[in-house]
Amino acid sequence: MAIGIGGGDVYITSQGDEVEDMFILLREVKRQMPEVTAVSSGVISEDFRRLRVESVCSRLGLVSLAYLWKQDQSLLLQEMIANGILAVIVKVCSFGLVPGKHLGKEIASLNAYLNKLTGLRRFNVCGERGEYETLTLDCPLFINARIVLDEYQIVRDIEHPFFPVGKLDSFKFHLEKKVDVQSLTSPDNISETSVQKLGTVFEVEDTLERCEDTFKPLECSADPIDDLAHKFNISRTNNKRTLSLSCSLQDSCNDLREDLKTVLAKIESLLAGSGFGWENVVYIHLYIDDMSKFSEANETYVKFITPERCPFGVPSCSTVEMPLVEMNFSKAYMEVLVSNNKAKKVLHVQSISSWAPSCIGPYSQATLHDNILYMAGQLGIDPPTMNLCSGGASAELELALKNCEAVAKCFNCSISTSAIMFVVYCSKRVSSSERHDMQEKLETILRQMRIFQLQEQNTCKALDPVVLYVLVPDLPKSACVEIKPVLYVDDGKKIATETITKSSGSEAPHYWGFKQENWHDSCIRKLVVPGKICAVTLSITSEDAAKICFNSVSADSVNDDQYLQHKSLMEKSSRFCFYLLDKVMTDDGFGWEDIMSLRIYIPASLQMSIDILLPMFNKALLELSEASQKKVLNGEEPIFNIVPVMGAGRSASSVSNIITCELLAQKSDGDSEKHNRGDFGVRPEISEISSND
């Protein structure tokens with residue numbers, strides 16, 4: 001059951017605030033009517049109001065319903081009128097509204113005029129910012145009678161030539177009985193609970209009664225981590241502004257809850273050691289070995305990452321099941337993206353609405369930091385019901401893209417024109433042909449959205465994102481697909497942007513004897529914002545690996561042991577990956593110190609454990625560092641994360657790469673200046689955003 005109340009910042013509780021009056025009231029409602037589980041509010045676009053309702057609901061264990069959220073306000077006002085809501089304006093406080101002219105008028109008669117005002121200035125046609133207030137005289141919920149105003153006075157509170165303030169006062173009214181109320185008063189239309197409570201008035205004591213005790217933050221139950229009792233796999237990138245930090249256990253506790261608790265505590269300790277906390281975390285990748293135990297993982301997660309610990313907004317998150325145990329990982333594996341500053345914009349809507357899936361708990365829909373929008377993984381969930389849509393993988397993908405677009409629009413961008421990268425997680429239950437259809441649908445939808453966006457914006461500027469498909473054992477809610485976009489959000493500065501599908505072919509050092517060949521370009525897909533961002537996917541198929549090893553197989557390396565041959569192939573392929581990544585970044589003016597995240601996806605079918613792969617790839621990177629004299633390493637810690645998967649690739653129907661790399665690099669402001677000017681002088685004026693195919 002839900003009850004209704006009248007309708008970004010972070011709300012901080014304080015005594016005397018009207019929000020705390022609402023808390024007192026709803027707490028009493030919940031005590032006397034325990035069947036109430038949700039609160040419905042009329043918030044449309046104002047975070048200021050939504051956050052306050054969500055704060056109260058969160059503290060009382062209620063669900064916030066906001067089905068008007070992000071609706072088109074002109075259409076919404078028209079719909080209210082069409083559905084029989086008779087309301088008159090009782091207060092005006094805005095440019096264009098005059099007390100003597102508009103007070104007492106029905107909104108139906110002023111509909112056209114109110115819409116006209118929206119074109120003149122920043123005017124909310126539904127009056128949500130206080131432009132006007134209304135009194136409802138009749139609506140379908142008024143079962144027996146309507147209100148009729150007999151007399152009222154117009155009171156001018158503020159005389160002003162442009163912004164006069166006035167209201168109706170000294171009301172006299174009577175109730176006019178409705179003639180035909182049979183259909184509305186039938187037992188089918190009024191619940192038994194409503195009849196029992198009709199006409200009942202509850203007295204609510206006006207005191208907080210130290211209500212702070214009701215909403216104490218969850219205490220982190222983690223004990224200090226004894227590094228001698230546990231061994232960890234830690235990796236950390238070198239970017240001094242935004243870096244990736246990952247952690248898994250070498251010695252699993254054989255329990256998901258305990259493994260995750262230990263990993264979270266270790267990450268918290270590593271953050272604290274660098275002077276950071278959870279408030280510095282921008283994004284979290286959580287990999288677990290069994291999605292059926294998601295609720296257990298969630299219970300542990302929310303004990304560490306809370307709104308109280310993240311006063312600037314909780315991080316966005318993506319949780320997927322990976323074949324961790326098969327490759328000797330612990331049952332929980334976490335990667336966090338950490339910023340050395342807290343200047344981020346977080347979108348965290350907990351209310352259920354028709355806009356996009358809500359995030360009830362310490363997870364946000366998206367986080368904007370340094371012009372990059374990191375979006376939580378989106379499923380094909382119907383926002384009003386929070387259920388997966390029917391129709392299979394393609395239908396889920398279409399709705400997931402719609403949900404992604406709804407989130408992107410809150411940051412004044414579109415996934416069709418601003419996306420840098422899409423990572424598409426596909427469940428193993430989805431067949432190869434279904435994945436093929438899904439890829440075609442993704443490309444078609446993005447193309448159609450892009451055409452619409454470019455026509456609407458009257459521009460030809462758009463990015464051509466890199467797309468990576470990852471095959472996983474399972475997803476939340478047993479979904480077929482989850483989409484994780486990363487977007488570049490223009491901050492108003494003129495930045496040159498280009499999309500590149502192959503390397504430039506420039507000469508590069510021949511590390512390990514590798515030389516540039518034409519087929520190398522087919523391994524790479526990248527997008528570059530010159531001097532700003534470099535997003536790369538690198539794919540190595542078994543055919544590529546054969547080419548890599550063809551010229552390096554010597555007589556003494558031939559071995560009948562298939563495992564040793566396999567290991568030798570992976571060693572050579574790991575070196576080739578780093579050779580090619582180094583060349584790609586060098587060609588575009590990026591270095592290893594600019595990398596924010598570098599994931600290396602390895603299929604579990606190769607039957608190679610993390611104990612073999614980690615030192616293998618780390619050795620290859622060490623050899624590159626010594627040969628190139630570049631600052632590649634970060635002490636003894638790897639700068640890459642090895643992620644076990646069932647498959648990965650640039651094509652949804654062919655996810656059979658033996659190695660897939662996903663790299664995201666960003667230069668700091670100072671490095672960008674150096675790239676564009678050759679020094680650290682004043683930032684230049686650069687050309688507008690454009691795309692080059």
| query | When Tyr287 is evaluated against the numbered criteria (1) open to solvent by less than 10 Å² (accessible area, probe 1.4 Å); (2) in contact with a Ser or Thr (Cβ under 7 Å, 6 or more places away or on another chain); (3) closer than 29 Å to Ala400 by Cα, which criterion, by number, is the only one it fails? | reply | (2)
| field | Selection count where residues are part of a loop (DSSP other than H, G, I, E, B), touching a helix residue (DSSP H, G or I) at 6+ places or on another chain (Cβ under 7 Å) and crowded, with 19+ Cβ neighbours inside 10 Å, scope the range 640-670 | value | 5
| request: Identify, from the list Leu76, Leu26, the residue that is open to solvent by less than 70 Å² (accessible area, probe 1.4 Å), out of contact with any Ser or Thr (no Cβ under 9 Å at 6 or more places or on another chain), modelled with pLDDT of 85 or more and under 30 Å from Gly119 (Cα atoms). | output: Leu76
| note | Of the residues in the range 567-596 that are open to solvent by 10 Å² or more (accessible area, probe 1.4 Å) and of a type in the set (Ser, Thr, Tyr), the one that is nearest to Leu527 (Cα to Cα) is Thr586
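Yes or no, residue by residue, for (1) loosely packed, with under 14 Cβ neighbours inside 10 Å; (2) at pLDDT 95 or above; (3) among the aromatic types (Phe, Trp, Tyr); (4) over 26 Å from Glu321 (Cβ atoms):
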{"position": "Val467", "(1), (2), (3), (4)": "no, yes, no, no"}
{"position": "Pro485", "(1), (2), (3), (4)": "no, yes, no, no"}
{"position": "Lys493", "(1), (2), (3), (4)": "yes, no, no, yes"}
{"position": "Glu498", "(1), (2), (3), (4)": "no, no, no, yes"}
{"position": "Trp512", "(1), (2), (3), (4)": "no, no, yes, yes"}
| Looking at this structure, is Val92 surrounded by 17 or more Cβ atoms within 10 Å (Cβ to Cβ) and in contact with a Pro (Cβ under 7 Å, 6 or more places away or on another chain)? | yes
| Hits in the range 112-122 (condition: of a type outside the set (Val, Ile, Thr), open to solvent by 20 Å² or more (accessible area, probe 1.4 Å) and either in contact with a strand residue (DSSP E or B) (Cβ under 7 Å, 6 or more places away or on another chain) or under 18 Å from Ile44 (Cα atoms) (or both)) | Asn115, Arg122
| Restricting to the range 33-64, what's the tally of residues that are assigned to a helix (DSSP H, G or I) and open to solvent by 60 Å² or more (accessible area, probe 1.4 Å)? | 3
| message | Just to verify a result, which residue in the range 79-99, among those that are within 36 Å of the chain's Cα centre (by Cα) and part of a loop (DSSP other than H, G, I, E, B), is farthest from Asn115 (Cα to Cα)? | response | Asn83
| request: Just give me the residues in the range 102-142 being at pLDDT below 90, assigned to a helix (DSSP H, G or I) and of a type outside the set (S, T, N, Q), in sequence order. | output: Lys116, Leu117, Gly119, Leu120
| request: Look at the range 421-465 and say how many of its residues are part of a loop (DSSP other than H, G, I, E, B), surrounded by 21 or more Cβ atoms within 10 Å (Cβ to Cβ) and of a type in the set (Gly, Ala, Ser). | output: 1
| message | Considering only residues that are charged (D, E, K, R), part of a loop (DSSP other than H, G, I, E, B) and closer than 21 Å to Lys344 by Cα, which ones fall in the range 275-319? | response | Glu308, Arg309
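The values are calculated or read from the model by the stated rules, or taken from the named source; none is laboratory data. Just so you know, these numbers come straight off a predicted model, no measurement behind them. FYI the Cβ positions are ideal-geometry reconstructions off the backbone, even for glycines, and counts take in every protein chain you see. Calculation scope for accessible area: heavy atoms of the full protein, side chains included, ligands and nucleic acids excluded. Shrake-Rupley method; radii C 1.70, N 1.55, O 1.52, S 1.80 Å.
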